[in-house]
Amino acid sequence: MQLLSPDEMRRTDVIAIQKMGIPSLELMENAGKAIADEIAKDESLAGMRVAVLAGKGNNGGDGFVVARLLAAEGAKVTVYLFGEASALKGDARENWIRLEGTDVAARELPSSDGDNTVREEIASAGLIVDALLGTGFSGTPRGRIADAISIAGSSGGRIIAVDAPSGVDGMSGLVRGEALAAQKTVTLGRAKQGLLLYPARQFVGELIVVPIGIPDLAIEKIAPQVATFERTDGARLIPARPADAHKGSVGRVLVAGGTSEYVGAPLLAGLAALRSGAGLVTLGVPRSSHSLFAGRVLEIMCRALDDSDGALTTASAQPILEADRPLDALAIGPGLSRGKSPAGFVRSILEKWEGPLLVDADGLHALAGQEKLIQGFRGTLVLTPHLGELETLTGIARGDILNDRIGFVQEWAVKLGAVLLLKGNPTLVADPDGRVTLNTTGNAGMATAGTGDVLTGVILALLGQGLDMADAARLGVWLHGRAGDLAALSHGEAGLIATDLIEKLPESWRME
């Protein structure tokens, strides 16, 4: 599903109206009709009391159209304009005027006088239509709009949001003050990216995207680069298993990391790689703790690498770089630990390795402030931070990242020349061409130790099987999340552990 920022949606409106000659009033009428039709699918309108809460912008104008059309179907509609009609402009003003002579009761509420009565009336309505603010809103609701949100929020009524629930930021997904929690949001033209991000997603309810007559060509002209990644995308990328495959032809991969304190991370990544189709999986671990890893998983080979004080060092990279049998892909970071020695190992790999490489966990900390090293990497690179690791990697505070997390990962993927994967709900994957996808699988039960290591193994296996780095990251995230969803069906969310995901990985690949 294609996703637009509020600014991109505004630009398509401009193209449709100014370049293609589509009257803006027609687009507003189409929007109101699409919303009214959506409401009619779920509601018996005859005699139903409907409260339409409107602001003075175009979102309010859409609400006026909805009110008029619902009244025409027998609903008893009252429009509550939280402001003065004299402040309305353009199409919104025209549709306010069109309410005259209809069965819609239209009320101006420029001040809080009478709000107690309004609160009672809205609470008694069978349906509330939220047309206060659109997807272009950011910041904190103030004045009469804040009053309206408070009144509607305390009503306990069923709320349908026009384009976006009032109070949510349609770009960042942030909610900085009060916001209305809708049961359904009917968004116009294309889905807005912020509606799929938390915390806004909690206020959206069921998300319905409706066309309003903007030609696809107008969308194409702005070349949007953000979309969801869904089942059909995953099915297209699943690598075929040749009938004559052998263990050396479907991915020789290595996971480098681990210490005596962090034994589980490399093992989880390695086992996940096996369960994701890799033919040969090796762990590269410190010699001093080799016995803690060897034989824990019978199908995984374990190579001892020289270490210093229990951690991999610059010298540890040489056996990997000079291996007799070349690796198809390499992952570094799980359980690596931090400090000068492991940082030297990571940087040595980036200076000399020329194949597909995934860096996760402590490996990312070793790359903090190393932009030139990352940009000069001669292979293909996937970086998989969570928010805290991204903050460390880039030196940018998380608050600034969250103000536009999609734009941020997009900018940094292009800047670094790498695939940048920001783990979370939803996980974002950005590639060096500026394309960003939002994953659509996964659940809160996956917020547990080791699931990131499992993701590393899944993506590593896909890289080893020859997938492009961006495709491997996107498909890997989707398969990983789907395995989590399947595991939650069996175990519930609260009790999930990382190995539950690994058990479900083979099933997550099945698309029939």
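Do any trypsin sites (Lys or Arg not before Pro) in the stretch 299-366 lie in a DSSP loop with no more than 14 other beta carbon atoms within 10 Å, and if so, which?
Numbers: sites: Arg303, Arg338, Lys340, Arg347, Lys352; in loops: Arg338.
Passing sites in the stretch 299-366 are Arg338.
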How big is the stretch 100-171 on each of its three principal axes, counting only the C-alpha atoms and giving the largest first in Å? 35, 26, 25
The stretch 365-372 - phi-based ³J(HN,Hα) in whole Hz, Karplus 6.51/-1.76/1.60, Gly and Pro as x: 4, 5, 9, 4, x, 10, 4, 5
Taking R0 as 35 Å, what FRET efficiency do you get between Lys247 and Asp468 from their Cβ-Cβ distance, rounded to the nearest 0.05? 0.95
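If you stretched the chain out fully between Asn425 and Glu73, how much longer would it get, using 0.36 nm times the residue separation minus the C-alpha to C-alpha distance? Display every interim value, and only then the final one.
Details: separation 352, 0.36 × 352 = 126.72 nm, distance 4.02 nm.
Once the chain is fully extended between Asn425 and Glu73, it gains 122.7 nm.
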Which order do the peptides 293-301, 164-172, 144-152 come out in when sorted by mean C-beta neighbours inside 10 angstrom, highest first? 164-172, 144-152, 293-301
For Met48, which sequence-distant residues (separation of 5 or more, or a different chain) have an amide H within less than 5 Å of its own amide H, given hydrogens modelled in the peptide plane? Lys76
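For each pair in Lys192/Lys221; Lys33/Lys184; Lys19/Lys56; Lys19/Lys192, compute the distance between the two Cα atoms and list the pairs where it is over 21 Å. Write down the numbers at each step before the final one.
Working: Lys192/Lys221 17 Å; Lys33/Lys184 16 Å; Lys19/Lys56 26 Å; Lys19/Lys192 23 Å.
Checking Cα-Cα distances, Lys19/Lys56; Lys19/Lys192 exceed 21 Å.
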Can you work out the FRET efficiency for the pair Arg49 and Glu503, with r the C-beta to C-beta distance and R0 = 41 Å, to the nearest 0.05? 0.20
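Return the loop-located trypsin sites (Lys or Arg not before Pro) in the stretch 44-133 (DSSP other than H, G, I, E, B) with at most 13 other Cβ atoms within 10 Å of their own Cβ; answer none if there are none. Don't jump to the answer; show the numbers that get you there.
Values: sites: Arg49, Lys56, Arg68, Lys76, Lys89, Arg93, Arg98, Arg107, Arg119; in loops: Lys56, Lys89, Arg98.
The qualifying sites are Lys89.
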Charges on Cβ only, +1 for Lys and Arg, -1 for Asp and Glu, centred on the Cα centroid of the stretch 84-229; of Ile122, Ala146, Leu174, which one is farthest towards the dipole's positive end? Leu174
Long-range amide H partners of Cys302, meaning residues 5 or more apart or on another chain whose placed amide H is closer than 5 Å, are Leu283
Charges at C-beta only: +1 for Lys and Arg, -1 for Asp and Glu. How large is the resulting dipole of the stretch 2-218 about its Cα centre, in Debye rounded to 20? 320
Counting only residues 5 or more apart in sequence or on a different chain, those whose built amide H sits under 5 Å from that of Met171 are Gly194
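Would you mind working out the magnitude of the charge dipole of the stretch 348-422 relative to its Cα centre, with +1 at each Lys and Arg C-beta and -1 at each Asp and Glu C-beta, to the nearest 20 Debye? Walk me through the numbers on the way to the answer.
Working: 6 positive and 10 negative charges, 34 e Å.
Roughly 160 debye, rounded to the nearest 20.
Arrange the peptides 242-252, 182-192 so that the one whose residues have, on average, the most other Cβ atoms within 10 Å appears first.
Working: 242-252: 13.1, 182-192: 24.0.
Going from most to least packed, we get 182-192, 242-252.
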Antiparallel versus total DSSP beta bridges in the chain: what percent is that, nearest 5? 15
Degrees between helix 405-416 axis and first principal axis of the chain (Cα, 0 to 90, nearest 10): 40
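For an R0 of 45 angstrom, estimate the FRET efficiency from the Cβ-Cβ distance between Ala368 and Lys19 and round to the nearest 0.05.
Values: r = 46 Å, r/R0 = 1.02.
The value I calculate is 0.50.
Among 375-383, 317-325, what's the highest-first ranking by average C-beta atoms within 10 angstrom per residue? Kindly include the intermediate steps, with their values, before the conclusion.
On the way: 375-383: 18.3, 317-325: 13.4.
So the order, starting with the most tightly packed, is 375-383, 317-325.
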Based solely on C-alpha atoms, express the radius of gyration and the Dmax of the stretch 2-218 in angstrom. 15.8, 48
Over the chain, calculate the relative contact order: mean separation of alpha carbon pairs under 8 Å at least 6 apart, over the residue count, as a percent. 12
Charge dipole of the chain about the Cα centre (unit charges at C-beta), most positive-ward option of Ile39, Gln2, Ile497: Ile497
Please get the size of the charge dipole for the stretch 64-105, origin at its Cα centre, with Cβ charges of +1 on Lys and Arg and -1 on Asp and Glu, quoted in debye to the nearest 20. 40
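Every read-out reported here was derived from the displayed coordinates using simple, explicitly stated rules and does not represent laboratory data. Quantities reported herein were computed from a predicted structural model and do not represent experimental measurements. Every residue, glycine among them, receives a Cβ derived from its backbone with ideal geometry; neighbour counts consider all protein chains shown.
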